1. What's the ranking of B:244-257, A:4-17, A:338-351, A:122-135 by average number of surrounding C-beta atoms within 10 Å, highest first?
2. Which FRET efficiency value, to the nearest 0.05, do you get for residue A:194 and residue B:195 by plugging their Cβ-Cβ distance into 1/(1 + (r/R0)^6) with R0 = 60 Å?
3. In whole angstrom, how far apart do the alpha carbon centroids of region B:216-281 and region A:98-120 sit?
4. How large is the helix-only mean residue ellipticity at 222 nm for chain A, computed as the sum of -39500 (n - 2.57) over DSSP H runs with n ≥ 4, divided by its residue count, in deg cm²/dmol to the nearest 500?
5. Roughly how many whole Å is it from the C-alpha centroid of region B:42-65 to that of region A:303-358?
6. Per-residue ellipticity at 222 nm for chain B, helices alone: DSSP H runs ≥ 4 residues times -39500 (n - 2.57), over residue total, nearest 500 deg cm²/dmol?
7. Using Stokes-Einstein with the Kirkwood hydrodynamic radius over Cα pairs, what translational diffusion coefficient do you get for region B:95-241 at 25 °C and a viscosity of 0.890 mPa s, in µm²/s rounded to a whole number?
8. What list of whole percents do you get for P(r) of region A:3-238, with Cα-Cα distances grouped in 5 Å bins up to the one holding the largest distance?
């Protein structure tokens, strides 16, 4: 029988990592993800794992870089401002092709913003917010259960592509309590790490392995860029994930991710119950973005409503996918129920906007 | 006995010392010669790409000799900082990684901890890398009592970027960002990293060396070996600052650079061991 818990999304992140055999965590406290740091501080010593409370997010990401270089499964987490501090390190992990997982439990921005929820990091996670030409695979769960499962998938994709993978949640997903079924997901065999992981050369007459974070210093920079671009193309072809409903039969399609997709999902079901021809698309991978399903739907659907708790970030990806074949509207931060940072986009607000626009 | 010129003689980049040769085949009378000084076994047979008179090559030779003498090549992982010294990391036949600017102690921490303390992990960092952008990383790594070793190359300036002021630049020293010489008002004072870190509980061994003579080189080798031994014994952080000549930054010839270290840098940065304990609380 599966083990069941009633826990919050932040702890589900931790359980997902443990079930993926992650035994290394480096973290710095920041609201609203402190439960993640505390989870690993409590749980990792019990299984012989490594927990380090770092002096900054810069330190977290660089310790993660060191640990990832030894081939172990390792992760860090932070929230918006702390994630910004990690960006140089994430670019370096991508450049050095090191597998690891980084969770961003979003809070309000810009700047110090606030400690409550928002979805304002879409751009900084999907565009490879650090320097240089790279992308992150970004997974966006919309429930506690999905958080647990996507963390396991994240470690698999990280190892498969030798690349950092981002889990993007927010204060709502992180703080809300839901039922969680603990179970291990099996993704099949993954590439061996022995050829590149730093584990010391031992007694062999080995020249030693060398992990270079500046691909342009040694070797052919152009060949490196071509090879890495092929890797991004492969991810774009193979790793797109989304949840969709009634996209073939809709006058209006709601596109939403993360916590705001929960409000949107209720609105979509309610609209269907009321006989409205409404469809629903929830990107699970924010990069690579499910452009094709949206583009296909735009052939016969005339209106799209993007629901996201920001000023319109995923909106631009939807507009690019739609290619002016349909109207694209935003239900964003202006639709929150309160003017303070405690405001949220309620399900009934989404339904009301759907009815107004359809 | 007449010796022919032999193109197969390989020489040490800086000193011109013979490191390997097939000379006995090219002399009229066969004489067996014993090589008494050669490239350390743990170093690749590669030419140096550092400037003439730069002592970073010598620092890597020192590290190589220490690794060979302690027989730890197979257990080492090196972490290179950002700067000219980082080029040396590829000279060693060990597992190695390059770190972002200033972050080597954190990367080393990640490596050491993830492998449950098994490997011998060391960083090589310059003064801009360690004492400016990476001072916070350094102090926190020492404060955690990480079992790591850092070799700190102090050449009183930023060499790679063309000779700007570093925190270690001497007062009145002319650099490209202190064209009138470093003045304390607005530019601060030379920072004494070995002494500063020696005040910390997590530090097991902190020392400063120079490479101004063969005797100093031998002293530095002994010091670096002691530093590695502190890590092997699991005592705490070990740190060796090495005063290093950078002729382009000093705007001097290689020989004048060594003399300037002796006349100016040694006065500001005295050599010695500032902390040496066998146990930290």
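Read-outs: derived from the displayed coordinates by stated rules, not from any lab. It should be emphasised that the depicted structure is a prediction, and the values quoted were computed from it without experimental measurement. FYI the Cβ positions are ideal-geometry reconstructions off the backbone, even for glycines, and counts take in every protein chain you see.
1. In decreasing order of mean packing, B:244-257, A:4-17, A:338-351, A:122-135 become A:4-17, B:244-257, A:122-135, A:338-351.
2. That gives a FRET efficiency of 0.90.
3. The distance from the Cα centre of region B:216-281 to that of region A:98-120 comes to 43 Å.
4. -12000 deg cm²/dmol
5. First find each Cα centre; the distance between them is then 60 Å.
6. -7500 deg cm²/dmol
7. Translational diffusion coefficient: 155 µm²/s.
8. Pairs per bin, as whole percents: 1, 7, 14, 19, 21, 16, 11, 6, 3, 1, 0, 0.
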